[in-house]
Structure formats: C-alpha cells, structure tokens
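As structure tokens, the structure follows; a few thoughts come after it.
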Amino acid sequence: MRTTLYSEVGGIIEKINYDINSEVKANAIIFVLKADVEEAQLEQAKSKLGTQLAMINAAKANLASLKTKMENARYLFNPGLILLPILQPA
C-alpha cells in the first residue's frame with residue numbers, strides 16, 4: 001500500500017528513519033525535523049518564566065511586609081491606646 005506523507009509544520013529534515021518503499025509500522029517516526037530554533041526559543045521562554053516567578057515571589061514578600069506595616073499602623077493609631085494623645089497636636 002502507498003500513501004502520501006506530509007508534515008503539519010515546516011522545517012528542515014534532520015534524520016530519515018526509513019528508505020523509500022520500506023514497510024513502516026503504525027505510529028512509527030518516519031523522519032525528524034531540525035528543532036534548533038524551537039529549542040532556543042523554549043530555553044528563552046524558560047528563562048523568562050524563571051525571572052517572572054522570581055518577580056512574583058518578590059512581590060508576595062513585599063505584600064507581606066506591607067500588610068505587617070499596615071497592621072502595626074492600625075495598632076499604633078487605635079483610639080483605645082494611651083499613645084494616641086501623645087501623637088495628636090496640642
């Protein structure tokens with residue numbers, strides 16, 4: 001039986017695993033496309049992801065610090081505390 005082969009993506013063939021008129025089993029890899037550019041793009045995306053995750057972690061730490069400062073400020077300006085009259089203008 002003969003069939004026509006086509007690729008859903010374009011590219012340069014790096015390796016051919018079968019000769020013309022060879023019998024090929026179902027789901028066999030017939031050829032491999034060169035993926036240098038795609039691999040470089042993947043590594044770049046991984047690096048960018050790492051940077052963005054670090055920025056998210058820094059923002060979370062900053063948020064936690066600001067929440068602590070806000071709670072401290074609420075405590076200091078609680079009308080029931082003795083310190084409030086000292087901080088109010090005369």
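Coordinate-derived values only; no laboratory data. Being a predicted model, the structure only gives us computed values, none of them experimental. We place every Cβ from the backbone using ideal geometry, glycine too, and count neighbours over all the protein chains shown.
Observations on the structure shown:
- Binned Cα-Cα distances of region 13-76, short to long, each 10 Å bin given as a whole percent: 17, 20, 16, 15, 12, 9, 7, 3, 0
- Modelled label positions at residue 56 and residue 77, each set 7 Å beyond Cα in the direction of Cβ, lie 3.3 nm from each other.
- For the chain, the relative contact order comes to 17 percent (Cα pairs under 8 Å, sequence separation of at least 6).
- Helical mean residue ellipticity (222 nm; -39500 (n - 2.57) per DSSP H run of 4+; nearest 500) of the chain: -18000 deg cm²/dmol
- Compared with the dominant principal axis of the Cα atoms in the chain, helix 36-76 is inclined by about 10°.
- Sorting the segments 59-71, 1-13 by their residues' average number of neighbouring beta-carbon atoms within 10 angstrom, most packed first, yields 59-71, 1-13.
- Of the peptides 39-45, 29-35, the ranking by mean beta-carbon count within 10 Å, highest at the top, reads 29-35, 39-45.
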